[in-house]
Amino acid sequence: MPSTPTRLEVVQADLSPYRQGNTGVDYVHRFESGRPGPHVLINALTHGNEICGMVAARHLLDQGVRPKIGTLTVSFAHVEAYDAFDADKPFENRQLVHNLNRIWSDEWLDGPEYSPELRRARELRPAVAAADHILDLHSTSQDVEPFWVYPGFARNAAVALAIGRPAVHLLMPKGLGSGTPLIQHGRHGEDESTAGAALVAECGQHFLQATADMAVAVTLDFLGHFGLIEREPQPAPAPQRRLELLQTRMVKTPEFRFVRPLVGFEVFAKDALIAVDGDEEIRSPCDDCTVLMPARVPIVGREAVYLTRPLPL
């Protein structure tokens with residue numbers, strides 16, 4: 001049977017007008033208020049096909065949003081992957097070589113390897129390190145409820161809960177387990193740290209208008225929370241849910257398969273079979289185990305699925 005074509009409600013825009021920033025780094029724009037306040041980084045396009053962040057970043061730049069206090073930096077991270085988009089294969093330009101959101105350790109950034117992602121991460125490193133607070137805008141391959149992702153530090157939880165949307169929180173108490181994401185670079189990955197909040201917002205399915213709308217709303221919420229812009233009172237947030245990451249399972253063999261089609265947020269009982277990977281069985285580690293980010297197409301060496309458990313608020 002032929003596959004159903006992917007619905008592309010939001011399409012690529014030409015980003016060349018945004019290339020010339022004012023920081024010495026392409027596609028990075030910084031605006032200083034001249035008044036004391038935090039430095040907030042809004043980062044888009046860590047993955048080339050996660051285009052909701054592009055919409056939010058363009059909104060800030062096109063609307064002339066400027067900080068009342070502190071400093072605002074807006075960056076388009078992986079424009080090279082973004083420009084590789086093919087509407088017939090819209091999931092394939094997530095990355096070119098490396099996952100740009102797993103190489104933010106000193107070992108990778110100071111190491112001998114080279115790729116488009118490592119080059120770009122090295123270029124962006126000063127902007128990421130300079131920020132007090134970071135919002136990294138992402139999206140998902142499946143049409144699921146938006147959710148936060150952040151290291152399990154109180155400073156991150158406090159901001160996400162205060163903003164109130166998305167209503168689901170994925171906490172990483174021990175990191176991601178498959179590399180170092182941008183929001184854990186340097187001091188932002190340290191528990192006892194003077195760093196501020198650093199969060200990912202997974203805003204919905206890559207190409208839906210609702211996802212782009214969520215990215216814009218969360219971006220404005222984030223800037224309003226830290227006082228960089230005026231933000232009108234928002235509707236009361238939905239009830240919040242917290243999930244704790246227990247395991248990040250990687251695809252080890254070409255024989256990897258889920259026991260049934262998964263899109264994310266399915267719940268499994270303890271010891272229930274979730275997937276098989278060659279001779280290995282992947283089973284639920286607990287009751288009420290919620291799976292997140294199941295691979296749409298399993299690729300050896302990449303993440304297969306996140307296994308989580310519910311946490312009280």
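The values are calculated or read from the model by the stated rules, or taken from the named source; none is laboratory data. Remember, predicted model here, so these are calculated numbers, not experimental data. With ideal geometry, Cβ positions are generated from the backbone for all residues, glycine too; neighbour counts draw on all protein chains shown.
Quick look at the values:
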{"quantity": "Where a residue in segment 165-179 is closer than 26 Å to Gly301 by Cα and its partner, wherever it lies, is of a type in the set (A, V, I, L, M, F, W, C) and in a loop (DSSP other than H, G, I, E, B), with Cβ under 7 Å and at least six apart", "calculated": "none"}
{"quantity": "Residue within segment 191-201 that is among the small types (Gly, Ala, Ser) and assigned to a helix (DSSP H, G or I) present", "calculated": "no"}
{"quantity": "Conditions (1) surrounded by fewer than 18 Cβ atoms within 10 Å (Cβ to Cβ); (2) over 15 Å from the mean Cα position of the chain (by Cα); (3) assigned to a loop (DSSP other than H, G, I, E, B): number failed by Ser178", "calculated": "(2)"}
{"quantity": "Identity of the residue in segment 203-216, within 15 Å of the chain's Cα centre (by Cα) and in a helix (DSSP H, G or I), that ends up surrounded by the most Cβ atoms within 10 Å (Cβ to Cβ)", "calculated": "Ala215"}
{"quantity": "Set Glu281, Glu255: member being surrounded by fewer than 18 Cβ atoms within 10 Å (Cβ to Cβ), outside any loop (DSSP other than H, G, I, E, B) and either out of contact with any Lys or Arg (no Cβ under 8 Å at 6 or more places or on another chain) or in the same structural domain as Gly177 (by TED's automatic domain parsing) (or both)", "calculated": "Glu281"}
{"quantity": "Filtered residues of segment 96-116 (kept if in contact with a strand residue (DSSP E or B) (Cβ under 6 Å, 6 or more places away or on another chain) and either of a type in the set (S, T, N, Q) or outside any loop (DSSP other than H, G, I, E, B) (or both))", "calculated": "Ser105"}
{"quantity": "Pairs where the first residue, in segment 192-217, is over 21 Å from Arg94 (Cα atoms) and the second is hydrophobic (A, V, I, L, M, F, W, C) and surrounded by fewer than 19 Cβ atoms within 10 Å (Cβ to Cβ), C-beta under 9 Å, 6+ apart", "calculated": "Ala197/Ala158"}
{"quantity": "Selected residue [touching an Asp or Glu at 6+ places or on another chain (Cβ under 7 Å) and surrounded by fewer than 20 Cβ atoms within 10 Å (Cβ to Cβ)] from Gly196, Gly227", "calculated": "Gly196"}
{"quantity": "The lone exception for Val144 - which of (1) under 11 Å from Ala198 (Cα atoms); (2) part of a loop (DSSP other than H, G, I, E, B) it fails", "calculated": "(1)"}
{"quantity": "Count of segment 69-86 residues which are within 13 Å of Leu228 (Cα to Cα) and either of a type in the set (Ser, Thr, Tyr) or not in a strand (DSSP E or B) (or both)", "calculated": "4"}
